Each structure stands twice: as C-alpha cells, then as structure tokens.
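Okay, structure first, notes after.
The values are calculated or read from the model by the stated rules, or taken from the named source; none is laboratory data. Keep in mind the model is a prediction, meaning the values are calculated, not measured. Every residue, glycine as well, gets a Cβ built from its backbone with ideal geometry; the counts of neighbours run over all protein chains shown. We work out accessible area using only protein heavy atoms, side chains counted, and drop any ligands, DNA or RNA first. Shrake-Rupley method; radii C 1.70, N 1.55, O 1.52, S 1.80 Å.
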Amino acid sequence: MPVPLPPRMYAGRMTTGTPRITTIAGGGTDPGDGLPALSTALTTPTGAAIDALGNLFIADYGGHRIRMLPQRDLVVHGQAVTAGRLYTVAGTGEAGHGPEGQPATRTALNGTAEVWVHGSHLFIVDYMGSRLLMVPGTTGRFFGQEMTAGHGYRLAGTGVFGYSGDGGPGPDAAI
C-alpha cells in the first residue's frame, strides 16, 4: 500500500495522496495532425513546455518537429486548433535544415531536443541540426532580425557541429 504524501499544489489544484503518472499524448501509430492526442504517434519526445494559456508544446526528437496540445480551441498562426488534439507547429517530420524565414511547419528540423516558451515565442534546440531557432508569436524585430509570426528563424548555429564565432553574429557561430 502506497504511503500517502502530504497535500501539494499541482497546476492550481490541491491534491492529497500519491501522485499518478498519466499519459496525455502519444501512444498511437499515426503521426498526423489534428488527431486525438492519445491516438497520435510521438517518435521520441525529449522536451516539453507550457505557455501562459496552458498549451503544451512537445519536442519530438525522432519526429523532427514540435507538436502542440492546445488547452482550448483557438487559432494559432492562422490555423484553427482543437483542445485535446495534437498539431505540428514547427518542422516537417523529415530530418533536414531550413528553409528559414518560412512558415515554421515548412522549416525542416533535425533532432529537436528541447522547446521552451517565452511569452508567445517558441525557442527550439535543434540538436542534430546544431541550431537554436525561434518561432515568434508576433511579427517584429527580435535579436536584430525582422521576423514574421509563425515563421522559423535561426538565432545561433550554422547547421554544422563545432565551436566558433564568439563575439560574432549568432547565426554565424558554430554550436
């Protein structure tokens, strides 16, 4: 019999007892978009982030994309999404590099290891692609670049593994 834990706060709710692990996405065989989250395939999820609205973003390393599990029905970069269903917000599903400055769903990724959110902006560690990318949530100038909301931009890394470029522009630095 498990030993009850003291009351704890989880996502604004008070719980008592033993915390349980619950699968909320993955487990299916189809990597398609708009499917129920539990029916969708995730190849190798390696990182996750939650934005201020409660939307979950998943870095799928082997799937070469960032997936989104919306908390509620909304429109993301012109695409209507439904709560409880999984959507690709960056990457094509095929390993590669670029093209950058295009819609993030047409920007090839290679081994997306991590994702994090700051405000409405996504930041992606493209591990095998040796790049750090940004998908801005709004159009504007960020990190010295003009950016369009929902498009993918390289902030650091040449796409080739290495160590060089200290003091220079991030996109020209090998990481």
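Things worth noting here:
- Segment Thr22-Ala95, length gained on full extension (0.36 nm per residue, minus Cα span): 23.3 nm
- Inter-probe distance in nm under a simple model that places probes 7 Å from Cα toward Cβ, at Phe142 and Ala83: 2.6 nm
- Short-range pairs are left out: with C-alpha atoms under 8 Å and at least six residues apart, the relative contact order of the chain is 13 percent.
- Simple spin-label estimate for Arg106 and Phe161 gives 3.1 nm between the two label positions (7 Å along the Cα-to-Cβ direction from each Cα).
- Low-density loop positions, GluC sites (Glu not before Pro), the range 83-145 - DSSP coil, at most 11 other Cβ in 10 Å: Glu94
- One chain, two ends: Leu74 and Ala52. Fully extended at 0.36 nm per residue, the span grows by 6.5 nm beyond their Cα-Cα distance.
- Across the accessible surface of the chain, with the other protein chains kept in place and a 1.4 Å probe, carbon and sulfur atoms take up 58 percent.
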